[in-house]
Amino acid sequence: MTAPSLDILGIGNAIVDVLAPSDDAFLAARKLNKGGMQLISTEEAEALYAAMPPGVESSGGSAGNTCAVAAALGARVGFLGKVADDQLGAVFAHDIRAAGVHFPTAPLKGGAPTARCLILVTPDGQRTMNTYLGACVTFGPGDVDAQEVARAQVVYLEGYLFDPPEAQAAFRAAAKAAHAAGRQVALTLSDPFCVGRHRAAFRDFVKGETDILFANEAEILSLYETEDFEAAAAQVAREVKIAALTRSEHGSVILAGGERHVVAAQPTKVVDTTGAGDAYAAGFLAALTRGLPLPECGRWGSIAAAEVISHYGARPQADLKELVA
């Protein structure tokens, strides 16, 4: 088995994020589910974009954010995801490569435009995401380059990619290629509503294909259809090698091989929760692929998440290497 030339290969929806401040009345008037992510049509995306206050645009998507944060921590990172051959597609590709991430996926020509996520941030820091998937829905098994997968110590898959049907097949192709090369498969559940839409498929993938699982409290409770965090934690510990479960200001719980580590949250002022889970996974995997012990992986995750939620947007603005040192 050859030594990996990448630490992490992320696979997910290639999305341009548009972040703007909002208030509860704006959400209520449009029947938007506060704190969640919903899929919207082209028409809905255009109407909401026109009604939103001016925003900040950057390359995003859950796994894309994780890849950018992990690269900022010094990890060797690649990303697979589908953009269109259009202006926003060029913005995404330039942005993620500028963050130090290897991005080899060819753009879609002549189809749907590049995906965008319209993110409304209320004064309490909660983010409400409205996603138009566009070109993302064409990402399928043919876009999973087995050689790219085999290069990476850990292949990191984003739960939101369960929404387009072709992408579930891509997930299985990526997991198969990773395990054939002796690599590990990590999955983030992404969103409790996403878990609810595809619970059976998620349960099957977690149990059968996942080595490392990332989830917040709401997501893990949704996965196992329980209100009891300890019951959900016990169940996931039986199904994966490592589970990293985040609990907002209560920090995170890491379960592995009968061990349990509780890691404190990093104190910070919450401005915008967009990308908190993405950043936690980035810190955790950047430390794990460096061979650091699990409590230290959790500490890196907490520091990365705290930095990202202290300002607008899901990409770090401070020197993360300095913060974890």
Within the range 70-120, the residues that are in a helix (DSSP H, G or I) and of a type in the set (A, V, I, L, M, F, W, C) are Ala70, Ala71, Ala72, Leu88, Ala90, Val91, Phe92, Ala93, Ile96, Ala98
For Val56, all conditions in the list (1) more than 28 Å from Phe214 (Cβ to Cβ); (2) open to solvent by 50 Å² or more (accessible area, probe 1.4 Å); (3) not polar (S, T, N, Q) hold save one; what is the number of the exception?
(1)
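Got a number for residues in the range 101-120 being open to solvent by 40 Å² or more (accessible area, probe 1.4 Å), in contact with a Gly (Cβ under 9 Å, 6 or more places away or on another chain) and more than 11 Å from Leu9 (Cβ to Cβ)?
Final tally of qualifying residues: 4.
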Condition set in a loop (DSSP other than H, G, I, E, B) and touching a strand residue (DSSP E or B) at 6+ places or on another chain (Cβ under 9 Å), scope the range 294-325, selection surrounded by the most Cβ atoms within 10 Å (Cβ to Cβ): answer is Ala314
How many residues does the range 195-223 contain that are over 20 Å from the mean Cα position of the chain (by Cα) and surrounded by 13 or more Cβ atoms within 10 Å (Cβ to Cβ)?
0
Please state which one of Glu158, Glu148, Glu219 is touching a Pro at 6+ places or on another chain (Cβ under 6 Å), closer than 16 Å to Ala63 by Cβ and at pLDDT 90 or above.
Glu219
Against the definition (under 30 Å from Val324 (Cα atoms), of a type in the set (Gly, Ala, Ser) and free of Cβ contacts under 8 Å to residues at least 24 places away in the same chain), how does Ala68 come out, yes or no?
no
Where residues in the range 121-130 are open to solvent by 10 Å² or more (accessible area, probe 1.4 Å) and either part of a strand (DSSP E or B) or of a type outside the set (S, T, N, Q) (or both), which of them is nearest to Ala169 (Cα to Cα)?
Met129
Has the range 230-241 got at least one residue that is within 18 Å of Gln184 (Cβ to Cβ), at pLDDT 95 or above, open to solvent by less than 50 Å² (accessible area, probe 1.4 Å) and touching an Asp or Glu at 6+ places or on another chain (Cβ under 7 Å)?
yes
All-but-one check, Thr188 against (1) within 30 Å of Lys31 (Cα to Cα); (2) touching a Pro at 6+ places or on another chain (Cβ under 7 Å); (3) open to solvent by 10 Å² or more (accessible area, probe 1.4 Å), failing number (2)
Take the range 10-53 and flag every residue that is touching a Lys or Arg at 6+ places or on another chain (Cβ under 7 Å) and part of a strand (DSSP E or B).
Ile15, Val16, Val18
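The values are calculated or read from the model by the stated rules, or taken from the named source; none is laboratory data. Just so we're clear, the structure is a prediction, and the values are computed from it rather than from any experiment. For neighbour counting, all protein chains shown are included, and Cβ atoms are generated from backbone atoms with ideal geometry for every residue, glycine included. Surface areas here come from the heavy atoms of the whole protein model, side chains and all, with no ligands, DNA or RNA. Shrake-Rupley method; radii C 1.70, N 1.55, O 1.52, S 1.80 Å.
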